[in-house]
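Scroll down for the structure; my scribbles are underneath it.
The values are calculated or read from the model by the stated rules, or taken from the named source; none is laboratory data. Everything numeric in this text was worked out from a predicted model, so none of it was measured. Ideal geometry is used to build each Cβ from the backbone, glycine not excepted, and the neighbour counts take in all protein chains shown.
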Amino acid sequence: MSAHPPSSTAQEIGDAELVARTARGELGAFEQLVDRHRPVVVRVAARIVGSDEAEDVSQDAFLRAFHRLHHFRGDAPFHAWLLRITHNAALDHLGRRRPEPVDPEALDVAQQSPTREPADRLETRERIERLERKLRGLSPQHRTVLVLRDAEGLSYEEIAEITDAPIGSVKGRLHRARSEFIEMLRANTYDWELPG
């Protein structure tokens, strides 16, 4: 049996430990946080501002997080704190410019299903684009809660923390967002046939 303590891998090290290491000047620890949380930050940013602008918003969010790391108290999970910063960065970006949001994970049917006919792939892509346009029809606040709850699976408490809103407001916005989105879909039942 070895007398050496087991080595910690990036998977074993918790976010709080990486935050503490970053605060002590270990920039590699912050790079691990970025690597760990980048996919969800980019996804959330893209669903709020669009895929073309998601990278800029994500970089802005991580830069803000780095400079505000001393404000992270650990009361909530790091990812919730980071998504709150991402949400604010995305809303700031929307305030400056109104780009065309597009889902970054919109299915590339041609890659996922090469056996489908080109006409089928085109039809599915057009349905996805129509759904995205409908999603853009929601207000930024409604779009945000819908994305965080239904696409990212966050709890009401996490969404309240991220959006700096009471849980009751989050639930109300989510209810209205879902109702509005369903009404938009009902206006064109063709979109309901989108494959899952």
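A few notes on this one:
- Close Cβ contacts (under 6 Å, 6 or more residues apart or on different chains) running from residues in the stretch 84-95 that are among the polar types (S, T, N, Q) to residues that are crowded, with 24+ Cβ neighbours inside 10 Å comprise Thr86/Val41; Thr86/Val44; Thr86/Ala45; Thr86/Ala61.
- Taking (1) surrounded by 19 or more Cβ atoms within 10 Å (Cβ to Cβ); (2) among the polar types (S, T, N, Q); (3) within 20 Å of Glu157 (Cα to Cα) in turn, Asn88 satisfies each apart from (1).
- Residue tally, condition at pLDDT 85 or above, farther than 22 Å from Phe72 by Cα and of a type outside the set (D, E, K, R), over the stretch 1-47: 1
- Members of the stretch 31-51 found to be without any contact (Cβ under 8 Å) to a residue 12 or more places away in the chain and of a type in the set (Asp, Glu), listed by number: Glu31
- Failed criterion for Gly74 (all others in (1) within 19 Å of the chain's Cα centre (by Cα); (2) touching a residue at least 12 places away in the same chain (Cβ under 8 Å) hold): (1)
- Filter result for Ala46 (closer than 22 Å to Ile159 by Cα and out of contact with any Ser or Thr (no Cβ under 6 Å at 6 or more places or on another chain)): yes
- Segments classed as helices (runs of 4 or more DSSP H), wholly inside the stretch 50-153, with at least 3 members that are under 29 Å from Gly172 (Cβ atoms) and modelled with pLDDT of 85 or more: 51-67, 78-96, 140-146
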